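The next block holds one structure in the form of structure tokens; read it before the comments.
The values are calculated or read from the model by the stated rules, or taken from the named source; none is laboratory data. This one's a predicted model, so the numbers in the text were calculated from it and none came from an experiment. Quick reminder, even Gly has a Cβ in these numbers, built from the backbone with ideal geometry, and neighbours come from all protein chains shown. All accessible areas refer to the heavy atoms of the entire protein, side chains included, with ligands and DNA or RNA removed. Shrake-Rupley method; radii C 1.70, N 1.55, O 1.52, S 1.80 Å.
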Amino acid sequence: MANWAEQLQRELAGRGLAIASIPGKGRGLVASRTFFPGEVIISQEPYTSTSNKILVGSSCDHCFASSNLRKCSVCRVTWYCSSDCQKAEWKLHQLECRAMAALTEDRKKMLTPTIRLMVRLVLKRKLQYEKVIPSSCIDNYYLVDALESHISEVDENQLVLYAQMANLVDLILPSVELDLKEIAHTFSKFACNAHTICDSELRPLGTGLYPVISIINHSCVPNAVLTFDGRTAYVRALQPIGKDEEVSISYIETAAVTKKRQNDLKQYFFTCTCPRCVKGSEEDALLESYRCKNQACDGFLLPESGEKAYTCQKCSISRDEEEVKKMTREIVLLSDKASSLLSSGNTTEAGSIYKTIEQLEQKLYHAFSITLLHTRETLLKIYMELQDWQTALTYCRSTIPVYERVYPPFHPMIGLQFYTCGKLEWLLEYTEDALKSLTRAADILRITHGTKSQFMKQLFGKLEEARAEVSFRLSTGCGHDEQFSSGTAGQL
């Protein structure tokens, strides 16, 4: 074990990194040289991974591609997009296939992503121990063994569930001798160390365990970002990271108030003490506050001590508490109805009600309200689905100022939102606006995603197309973009 740890430190030293003990955090990854924005700090393949949707074949089990998928004809559980991916996984899948094929259909339905992640981990460990497949200083079970499980802090109900899950793994792998207590502990490690594998647009594809990247600690104001290309994880610097500075990423969605973020972090068994969490109250007041009754004022309301009213911190105009409660109740009732309609597929009707909700929330909440932001995100999705590009663009544009408020300057969510804006503007033939949005998207996403992925090549292609169109218009003396109504252009 010590030998592997020493080899890992040497490997990391060659990459300008070191594992260090961080006060109040345990292990952490520290830079031993300067990293610049967009530079890859570390990349890693998963020790084990699985897709989110096992039986329906949503993505390749090796590379996570979503096209040309074919199911294994023997086990009928695993999917591959090509013979190359199948060959790359064959030594592992040979054992997995045998085990899966022996399961009844009812047992196969019990194969959750977490169970399958464990099955694949156990089989990979077996193959590495037997030297059937190679191991390395950044790809070995010792690194998994060194991960923190926080098992002593897990509640009793969860411990019982881990024990039941360990027994199920034992039933799936009868030919492998298992330590059920160790398996239960490893399930606990999954809960606080596994990462959600996402595509380039941050849509979840599966789960992977990246033991070296798991050493990186969390911050709500991180200096690095974790993204994926296929199942390969990349950690890139968002800002200059100096020598001896700790590398941090975000484990959670950070567009939230402190209380919500701290609650989301409970599964990792620590309390975040980043500058944003320590500062807390002022930002939280803005993100969850009500707006001033004076439409010309951009202040937010604070509860008035001893009074049933809220007072604007900027202009001191008060708003009656009962008025606020009445509007809140109306929004809740409408939200329940809209959500039900959306779930049942009545997208158009749901969109109309969400529009009403958004209008009410504009009167009630501050412009930077997270509640209002989420409503606009929902409306964007609805009108994208309905292919009402003009309305979708309106809501897409309305989210960006809030994104820029709650996220660091170079954050993938901001870049992706500008990219969506740019594609909609291009589709609606607002060419100059599209060029501006696509440029902003490229400036951010080249930092967070690099420049070599197919996703980024497509973005750069759209950007060059927009530049060429704007240059052509300028050279021919064409006027500014005309405003087209929805449905006049092609599909997104």
>> If I ask for residues that are touching a Cys at 6+ places or on another chain (Cβ under 6 Å) and surrounded by 17 or more Cβ atoms within 10 Å (Cβ to Cβ), which ones from segment 6-30 would you list?
In response: 8
> Out of all the residues in segment 379-403, which are open to solvent by 10 Å² or more (accessible area, probe 1.4 Å), among the hydrophobic types (A, V, I, L, M, F, W, C) and either under 26 Å from residue 227 (Cβ atoms) or in contact with a strand residue (DSSP E or B) (Cβ under 6 Å, 6 or more places away or on another chain) (or both)?
Replying inline: 380, 384, 400
>> Considering only residues that are touching a residue at least 12 places away in the same chain (Cβ under 8 Å), more than 15 Å from residue 210 (Cα to Cα) and either open to solvent by 40 Å² or more (accessible area, probe 1.4 Å) or assigned to a helix (DSSP H, G or I) (or both), which ones fall in segment 123-149?
In response: 123, 126, 127, 128, 129, 132
>> Considering only segment 359-369, I want to know if a residue exists there that is open to solvent by 40 Å² or more (accessible area, probe 1.4 Å), among the hydroxyl-bearing types (Ser, Thr, Tyr) and closer than 23 Å to residue 256 by Cα.
In response: no
> Which one of 451, 439, 371 is among the hydroxyl-bearing types (Ser, Thr, Tyr) and under 30 Å from residue 277 (Cα atoms)?
Replying inline: 371
> Considering 70, 120, 107, which residue is of a type in the set (Lys, Arg), within 21 Å of residue 230 (Cβ to Cβ) and either surrounded by fewer than 18 Cβ atoms within 10 Å (Cβ to Cβ) or at pLDDT below 95 (or both)?
Replying inline: 70
> Are any of the residues in segment 271-289 farther than 18 Å from residue 26 by Cβ and β-branched (Val, Ile, Thr)?
Replying inline: yes
> If you go through segment 215-227, how many residues are under 13 Å from the mean Cα position of the chain (by Cα) and open to solvent by 20 Å² or more (accessible area, probe 1.4 Å)?
Replying inline: 1
> Is there any pair linking a residue in segment 62-80 that is farther than 23 Å from residue 107 by Cα and part of a loop (DSSP other than H, G, I, E, B) to one that is open to solvent by less than 70 Å² (accessible area, probe 1.4 Å) and hydroxyl-bearing (Ser, Thr, Tyr), with Cβ under 6 Å and at least six apart or on different chains, and which?
Replying inline: 66/59
>> Which of the strands (runs of 3 or more DSSP E) found entirely inside segment 168-240 contain at least 2 residues meeting this: closer than 23 Å to residue 148 by Cα and of a type in the set (Val, Ile, Thr)?
In response: 195-198, 224-229, 232-237
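Look at residue 265 and say whether it is under 27 Å from residue 112 (Cα atoms) and in contact with an Asp or Glu (Cβ under 8 Å, 6 or more places away or on another chain). Write out each step before concluding.
Working: under 27 Å from residue 112 (Cα atoms): yes; in contact with an Asp or Glu (Cβ under 8 Å, 6 or more places away or on another chain): no.
Against the criterion (under 27 Å from residue 112 (Cα atoms) and in contact with an Asp or Glu (Cβ under 8 Å, 6 or more places away or on another chain)), residue 265 does not qualify.
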> If a residue has to be in contact (Cβ under 8 Å) with a residue 40 or more places away in the chain, closer than 16 Å to residue 195 by Cα and touching a strand residue (DSSP E or B) at 6+ places or on another chain (Cβ under 9 Å) to count, how many in segment 249-277 make the cut?
Replying inline: 2
> Does segment 187-195 contain any residue that is open to solvent by 60 Å² or more (accessible area, probe 1.4 Å) and not acidic (Asp, Glu)?
Replying inline: no
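Just to be sure, is residue 212 within 26 Å of residue 407 (Cα to Cα), of a type in the set (A, V, I, L, M) and either buried (at least 21 other Cβ atoms within 10 Å of the Cβ) or out of contact with any His (no Cβ under 9 Å at 6 or more places or on another chain) (or both)?
Here the answer is yes, as residue 212 does meet what is asked.
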> Residue check: is residue 84 more than 27 Å from the chain's Cα centre (by Cα), of a type in the set (D, E, K, R) and over 20 Å from residue 178 (Cα atoms)?
Replying inline: yes
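Give segment 240-295 a look and list any residue that's of a type in the set (A, V, I, L, M) and in contact with a helix residue (DSSP H, G or I) (Cβ under 6 Å, 6 or more places away or on another chain), or say none.
Matches in segment 240-295: 252, 255, 257, 287.
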> Counting only residues that are of a type in the set (Gly, Ala, Ser), out of contact with any Leu (no Cβ under 6 Å at 6 or more places or on another chain) and in a helix (DSSP H, G or I), how many does segment 337-376 have?
Replying inline: 6
> Which number in (1) outside any helix (DSSP H, G or I); (2) out of contact with any Gly (no Cβ under 8 Å at 6 or more places or on another chain); (3) open to solvent by 30 Å² or more (accessible area, probe 1.4 Å); (4) at pLDDT 90 or above marks the one condition that residue 98 misses?
Replying inline: (1)
> Which of the residues that make up segment 404-449 are open to solvent by 10 Å² or more (accessible area, probe 1.4 Å) and either assigned to a loop (DSSP other than H, G, I, E, B) or among the basic types (Lys, Arg) (or both)?
Replying inline: 405, 407, 408, 409, 410, 411, 423, 429, 436, 440, 446
> Can you name the residue in segment 196-209 that is in contact (Cβ under 8 Å) with a residue 60 or more places away in the chain and of a type in the set (D, E, K, R) and, of all such residues, is surrounded by the fewest Cβ atoms within 10 Å (Cβ to Cβ)?
Replying inline: 201
>> If the requirement is being modelled with pLDDT of 95 or more, out of contact with any Ser or Thr (no Cβ under 9 Å at 6 or more places or on another chain) and among the hydrophobic types (A, V, I, L, M, F, W, C), which of these qualifies: 225, 212?
In response: 212
>> If I filter segment 39-64 down to residues being farther than 19 Å from residue 92 by Cα and among the aliphatic types (A, V, I, L, M), which single residue comes out as surrounded by the fewest Cβ atoms within 10 Å (Cβ to Cβ)?
In response: 56
